[in-house]
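Asker: Got a structure for you, questions after.
The values are calculated or read from the model by the stated rules, or taken from the named source; none is laboratory data. As the structure is a prediction and not an experimental result, all values here were calculated from the model. Cβ sites come from the backbone with ideal geometry, for glycine too, and all protein chains shown count toward neighbours. Keep in mind that these areas ignore ligands, DNA and RNA; they rest on the heavy atoms of the full protein, side chains included. Shrake-Rupley method; radii C 1.70, N 1.55, O 1.52, S 1.80 Å.
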Amino acid sequence: MLVLITYDVSTVSVGGQRRLRKVSKVCQNYGQRVQNSVFECVLDSTQFESLKFELMGIIDESTDSLRFYRLGNNYKTKVQHIGIKESLDIEGTMIL
């Protein structure tokens with residue numbers, strides 16, 4: 001299933017800046033960044049719960065926020081992109 005993850009981490013403190021970097025790194029392990037604080041991840045239910053657990057261990061719920069949008073398996077008909085930074089096919093083959 002495609003999961004869209006958005007986050008807003010307060011960076012007014014050094015701890016907040018550290019949390020922001022950690023959240024970004026964890027999300028990069030599961031999917032691709034499509035905007036500054038937005039990631040698209042194709043996950044099964046176990047991976048989704050693992051990702052959610054990792055992120056909840058990082059954020060400060062009193063100052064930060066996470067949002068998870070589960071778009072399901074037929075997501076290709078639900079996502080439309082307009083403008084620059086065309087995203088990669090996250091299920092396609094990547095050559096590094």
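Asker: When segment 26-43 is examined, which residues are found to be charged (D, E, K, R) and either in contact with a Lys or Arg (Cβ under 9 Å, 6 or more places away or on another chain) or farther than 17 Å from Leu71 by Cα (or both)? Even if it seems obvious, please write down each step before you answer.
Answerer: Just the residues of segment 26-43 that are charged (D, E, K, R), to begin with: 33, 40.
Within segment 26-43, Glu40 is the sole residue that qualifies.
Asker: Follow-up. For segment 9-51, what are the residues that are over 8 Å from the mean Cα position of the chain (by Cα), closer than 22 Å to Val79 by Cα and not aliphatic (A, V, I, L, M)?
Answerer: Asn29, Gln35, Asn36, Asp44, Ser45, Gln47, Phe48
Asker: Where residues in segment 62-85 are under 19 Å from Ser37 (Cβ atoms) and modelled with pLDDT under 70, which of them is least open to solvent (accessible area, probe 1.4 Å)?
Answerer: His81
Asker: If you check Thr11, Thr46, which single one turns out to be open to solvent by 50 Å² or more (accessible area, probe 1.4 Å), outside any helix (DSSP H, G or I) and either closer than 12 Å to Arg70 by Cβ or of a type in the set (Val, Ile, Thr) (or both)?
Answerer: Thr11
Asker: Of the residues Arg21, Arg33, only one is touching a Cys at 6+ places or on another chain (Cβ under 9 Å) and of a type in the set (D, E, K, R); which? Working first, answer last.
Answerer: Details: Arg21 fails: touching a Cys at 6+ places or on another chain (Cβ under 9 Å).
Checking each option against the conditions leaves just Arg33.
Asker: Also: For segment 49-61, enumerate the residues that are farther than 23 Å from Ser13 by Cβ and buried (at least 16 other Cβ atoms within 10 Å of the Cβ).
Answerer: Leu51
Asker: Also, quick follow-up: Across segment 14-42, what is the number of residues that are assigned to a helix (DSSP H, G or I), charged (D, E, K, R) and crowded, with 17+ Cβ neighbours inside 10 Å?
Answerer: 1
Asker: Related question: How do the pairs read when you match residues in segment 19-31 that are touching a residue at least 12 places away in the same chain (Cβ under 8 Å) and of a type in the set (Val, Ile, Thr) with residues anywhere that are part of a helix (DSSP H, G or I) and open to solvent by 50 Å² or more (accessible area, probe 1.4 Å), using Cβ under 8 Å and keeping only pairs 6 or more apart or on different chains?
Answerer: Hits for this filter: Val26/Glu54.
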